[in-house]
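As structure tokens, the structure follows; a few thoughts come after it.
The values are calculated or read from the model by the stated rules, or taken from the named source; none is laboratory data. Note that the structure is a prediction, hence the values are computed from the model and not measured. Cβ placement follows ideal geometry from the backbone for every residue including glycine, while neighbour counts extend to all protein chains displayed.
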Amino acid sequence: MAERLLDNINNPADLKKLSVDKLPALAHEIREIIINNVASSGGHLASSLGAVELIIGIHYCLNAPEDIIIWDVGHQAYAHKILTGRKDRFDTLRKAGGISGFPNKYESEYDVFTTGHGSTSISTALGMASARDLEQKKYKVVAVIGDASLGGGMAFEALNHAGHLRKNMIVILNDNEMSISKSVGALSKYLNRIITAPAYNRVRRDVEGLLAKGPRFGFSVIRSARRLEEGLKNLLVPGMIFEELGLRYFGPIDGNDTGMVIKMLKNISGLNEPILLHVVTKKGKGYSFSEKKPEKFHGISSFNVDTGEKIEVSNKEKQDVQTEASFTKAFGDKIIEIADKDNKIVAITAAMPEGTGLDKFATLFPDRFFDVGMAEQHAVGFSAGLARAGFKPVVAIYSTFLQRSYDQLFHEACLQNLNIVFMLDRAGLVGEDGPTHHGVFDISYIRHLPNIIFMAPKDEEELKNMFSWAVSYDKGPVAIRYPRGASYFLKPNLKNNFPINLGKGELLKQGKDATIVSIGYMSNIAQEAADFLMDEGIDCEVINARFIKPLDVELIKQSVSKTGRLFTIEEGVLEGGFGSGILELIIDKIKKDIIIKNIALPDKFIEHGDRQVLLDKYGLSSKKIAERIKKEWQK
């Protein structure tokens, strides 16, 4: 077997030993590694395939880790991991104990920040550039941001500040959807060759310096010359908004042409000012299935490399663990059913129509569907306007991303007491995407807000019932949290259509020795734990709380008064969570002494790994819960 170019590359310094004409072959080798490993582990394929040449060019021109590279979101950075000493561990991608699917500062010195959320890189890069100048150091700072992330408000706030501070930094806009410009034509290339050439910029600086010495006419001539340059750029290049913000704009260039990327970076890296380099890349490049359907391969589970089709889990695994995307699908089906009868229903998401189950709604009701892009704060504010005008907005956003809208939840939704339904997909542990994507904080950041109703279903049927109730509720905002595509396999005798009533829980099992109060998906786990405990002679009463806020005071009070022992279970953080709410209730409402234990996730950022493995590791599997209750029982 012939030796690969990649076999001799263990860090970016090794990369620089290759001639530029060898780099396309290297890009091909990197793509093969990415495709074959993501096919096994799942991950963000299309974005990472599109950015391979860009990443090679960045590392070819910079001196990382001395020079700083900050990735926005980071789902495009697989080639970066491979080139920075992690190629031999890349087969552990997203697996427990393996390398993360996102940049991780605890994993490598080349990962300056642990990332996973969008629109953050320019702010952090500007902070590092400012720190560099305060310490009078010379390293370069580069932020790589995608066109979707650029739509977030934080990114534009940072661009505005960068233009004001005039710090020496480069923002690379990786435009893989061609949403800003489709112009990579000859005139644009020619203009960029002129304005990025070192000779041009030397003359530009020298002429401006000379003219500035002429106090009477100098500055007006400089302004006229700059307007002429900007006018040409405005005709040929879609970058004037960045120029107005104070950044020199260059591009768009072909980001899948390594030679062009390297030439451009070498030309602009010596300019001592804030720069935005616009590169256009092809999402999914090098793998025909992802090139044709990049949205399908944005984030994907295991798939067959030869066919591009997802590898389905066995029927037994479905019964033991989950069915494919059932919670999300249940919501998507139900909102269509209700919206067909009620033209006041509108749906809002933040760049996740497929992930939240709203893609079919968008097709059927295009005028009532709004994808605001990666701008969660705006999504909530926008929905408030719709609600105030008499519509019934349904906002579907992943739990971890709704964190970005905390102030809007407070100010636009709850303070105004508007009828908005928030559907929090991916609540709880999401598995392989790790700490930036686990939705474990939503109970803590939502339940203390006035006016909001907060629920969690145990299965897909209950989700449909809760959603129907939430849409009909007209006294303020409602939030519903549910896990990533996991619907518990229930025995037929456990399924029911118990009606949803405000603040009322559901008694799943009667018992006399202890009370287990659980919320959402954990109610299924609690029932299993109760079955294990019954075999040990411990008879537990199991309550599916249904409502995080308001709690069913009477149901819990009656049960605990009978059993004298209370265990709360939730798939979220302990601090400020569901169990904390129960404790507040107990202190306020129940006078007798009882034993209380909260079972939840610890005060730490949970690593990536299989969801079921993580639940067991952190004590939230049915067997671990049963063991915990038995241990407390025996004290």
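General observations
- Breaking point among (1) modelled with pLDDT of 85 or more; (2) over 22 Å from PRO483 (Cα atoms); (3) of a type in the set (Asp, Glu), for GLU354: (2)
- Single residue of ILE30, ILE58, ILE70 found to be in contact with a Ser or Thr (Cβ under 7 Å, 6 or more places away or on another chain) and modelled with pLDDT of 95 or more: ILE70
- Of note, ALA479 satisfies the criterion of being in a strand (DSSP E or B), touching a helix residue (DSSP H, G or I) at 6+ places or on another chain (Cβ under 6 Å) and modelled with pLDDT of 95 or more.
- Meets criteria (touching a residue at least 24 places away in the same chain (Cβ under 8 Å) and among the acidic types (Asp, Glu)) for ASP88: no
- Residues that are surrounded by fewer than 23 Cβ atoms within 10 Å (Cβ to Cβ), in a loop (DSSP other than H, G, I, E, B) and outside the structural domain of LEU614 (by TED's automatic domain parsing) occur in the range 67-83; there is at least one.
- For ARG86, the conditions (1) among the basic types (Lys, Arg); (2) within 23 Å of GLY259 (Cα to Cα); (3) surrounded by fewer than 23 Cβ atoms within 10 Å (Cβ to Cβ) are fulfilled apart from (2).
- Qualifying helices (runs of 4 or more DSSP H) (wholly inside the range 320-397; at least 1 residues being hydroxyl-bearing (Ser, Thr, Tyr) and either buried (at least 17 other Cβ atoms within 10 Å of the Cβ) or in contact with a Lys or Arg (Cβ under 8 Å, 6 or more places away or on another chain) (or both)): 326-339, 376-388
- Only one of the listed residues (ILE569, ILE582) is touching a residue at least 40 places away in the same chain (Cβ under 8 Å) and touching a helix residue (DSSP H, G or I) at 6+ places or on another chain (Cβ under 6 Å). That residue is ILE569.
- Contact annotation: residue pairs with Cβ atoms under 7 Å, 6 or more positions apart or on different chains, pairing a residue in the range 139-164 that is within 18 Å of LEU54 (Cβ to Cβ) with a partner that is assigned to a strand (DSSP E or B) and of a type in the set (Asp, Glu), are ASP147/ASP175.
- Total residues in the range 7-30, condition aliphatic (A, V, I, L, M) and over 16 Å from THR258 (Cα atoms): 2
- Criterion: part of a helix (DSSP H, G or I) and either among the β-branched types (Val, Ile, Thr) or assigned by TED's automatic domain parsing to the domain that holds ALA427 (or both) - qualifying residue of ILE548, ILE625: ILE625
- Looking only at residues of the range 599-621 that are touching a Phe, Trp or Tyr at 6+ places or on another chain (Cβ under 8 Å) and surrounded by 14 or more Cβ atoms within 10 Å (Cβ to Cβ), we find that the one that is farthest from GLN558 (Cα to Cα) is ILE606.
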